[in-house]
Amino acid sequence: MSATLPAIAIIGTGSMGGAIARGLHRVPEGAAQLRVTTRTESSAAAWRAEGIEARATEHDTEANNWAVTDARIVVLGVKPAQITAVLAELGPSLHPDALIVSVAAGITTEAMQSVVPNPVVRAMPNTPALIGRAVTGISGGSRATAAHLALADDVFRTVGTVVELPEAQIDALSTISGSGPAYLFLLVEEFTRAAEAMGFESHVAAVLVQQTVIGAAMLLDETGDDPAELRRRVTSPKGTTERAIAVLQEARLDDLFERAARAAEERARQLAAGA
C-alpha cells in the first residue's frame, strides 16, 4: 500500500469492525476520512476520544447514512442476520462507485448484490486483527474488478496478511483461520488444567503454558521451518515428548480437527440460509 486509502465508513464496530478501524487509524496510509458507527453513545464517545469520527445509532437514526456519505469503501461489521437490512437502509446514501466489504460469515456476495447495485467483496479476517496479525481471506462478487480487490487488500493489510480466494472457499476459510484462534485458546485452557492437575499453582501454570505457546509460535514464524520438522527436533527417540505425542495421536487429532472444521463449515451454510 503506497497511497492513502479513499474515505471509508465502518458500520458496526464490534471486535472485528473495531480492529479494522484501529488498524486503519494506526498506519500512515490509512483512510483519507474514516467514519464509524456503533450502537451506543458511550461507545461512540470512546471512538471520538481516539480521534475517529463516530456516531451512535441508539439516538441517531441517520448515523449509518451519515457515515457512508461520500465514502468509497463501506465495511459492514454488523451481524450476519443484519447485513441485508443494513444494506437496504444504506442504499439511497451509497455513492454509486462505493465498494461494499462484508466481514459477516455465511452471507454471499450474491445476497448482498440483490440489495444494492454496488460492487461487493466478502472478507473473513480473524481476531488477531486486534494486534495487526490477522489472516484475512477476500473474495469478490461478480461486479468486483481487480481494482476493487486491490482496494480490499489494502484495507486488510493494515491489520495483517491477506489471501485472495474463490468465494466457494470463504466459508471453509472461516473454519480454519476465522475460528482457528478459538481452537488454540481451547488448547491453552486444557493444557493449563493439565499443568494444574500436576500440582502447579494456577498463575504458574498459566505462565508456563502461555509463554510456551507464544514462544513456539514465534519460533515457527521466525524460522519458517515445517512444523513437523520443529516437532521432530523436540521429540527425542524414547524420550518424554515422544511418549506424550503417542498419547495425543491415540486421540486421532487429525480426524478430530477435520470434524470440527466440517461442523463449523456446515454452520456457515446454515447462516447463509437464514437459520
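Scan around Ala7 for amide H atoms under 5 Å from its own, H built in the peptide plane at 1.01 Å from N, and keep only partners 5 or more places away or cross-chain.
Amide H neighbours of Ala7: Ala32, Gln33, Arg72.
Magnitude of the Cβ-charge dipole of region 102-179, K/R +1 and D/E -1, about the Cα centre, nearest 20 debye?
140 debye
Measure nothing fancy, just the Cα-based angle from helix 253-272's long axis to the longest principal axis of the chain, in degrees from 0 to 90, nearest 10.
The angle comes out near 20 degrees.
I'd like the Karplus ³J(HN,Hα) series for region 28-40: coefficients 6.51, -1.76, 1.60, θ = phi - 60°, whole numbers in Hz, and an x wherever there's a Gly or Pro.
Once rounded to whole Hz, the list reads x, 8, x, 5, 4, 9, 10, 10, 10, 10, 9, 7, 10.
Size of the dipole of the chain about the Cα centre, Lys and Arg at +1 and Asp and Glu at -1 on the beta carbon, nothing else charged, in debye to 20?
100 debye
Between 0 and 90 degrees, rounded to the nearest ten: what's the tilt of helix 180-197 against the longest Cα principal axis of the chain?
Long axis of 180-197 versus the principal axis of the chain: about 40 degrees.
In percent, how large is the relative contact order of region 138-196, given Cα pairs closer than 8 Å and 6 or more residues apart?
For region 138-196, the relative contact order is 36 percent.
Non-local amide H neighbours of Glu164 (under 5 Å, H modeled in plane, Pro and chain starts lacking H): which ones?
Placed amide hydrogens put Ile138 under 5 Å from Glu164.
Cβ neighbours within 10 Å, averaged per peptide: list 13-22, 263-272 in order, most packed at the top.
13-22, 263-272
Would you mind classifying region 1-111 by shape? Square roots of the alpha carbon gyration tensor eigenvalues, ordered a ≥ b ≥ c; an a/c under 1.5 is rounded, otherwise it is prolate if a/b is larger than b/c and oblate if not.
Note, shape of region 1-111 comes out rounded.
Could you run the Karplus curve 6.51 cos²θ - 1.76 cosθ + 1.60 with θ = phi - 60° over region 142-147 and give me ³J(HN,Hα) per residue in whole Hz, x for Gly and Pro?
5, 8, 7, 8, 4, 5
Could you work out the relative contact order of region 8-174, using alpha carbon pairs under 8 angstrom and six or more residues apart, expressed as a whole percent?
20 percent
If one takes the longest principal axis of the Cα atoms in the chain, at what angle in degrees, from 0 to 90 and to the nearest 10, does the Cα axis of helix 202-223 lie?
Between helix and principal axis, roughly 70 degrees.
Would you please classify the overall shape of region 194-275 from the alpha carbon gyration tensor, given that a ≥ b ≥ c denote the square roots of the eigenvalues, rounded means a/c under 1.5, and beyond that prolate means a/b larger than b/c while oblate covers the rest?
Prolate is the answer for region 194-275, as a/c is 1.5 or above and a/b outweighs b/c.
Tell me, what HN-Hα J-couplings in whole Hz come from the Karplus equation 6.51 cos²θ - 1.76 cosθ + 1.60 at θ = phi - 60° for each residue of region 107-112, using x for Gly and Pro?
8, 6, 5, 4, 4, 6
How would you order 173-180, 201-208, 134-141 from highest to lowest mean count of nearby Cβ atoms within 10 Å?
134-141, 173-180, 201-208
Can you classify the chain as rounded, prolate or oblate using the Cα gyration tensor, where a ≥ b ≥ c are the square roots of its eigenvalues, rounded means a/c under 1.5, and otherwise it's prolate if a/b beats b/c and oblate if not?
Note, shape of the chain comes out prolate.
None of the figures in this text is laboratory data; all of them are computed from the coordinates on show. Just so you know, these numbers come straight off a predicted model, no measurement behind them. So basically every Cβ, Gly included, is an ideal-geometry build from the backbone, and we count neighbours across all protein chains shown.
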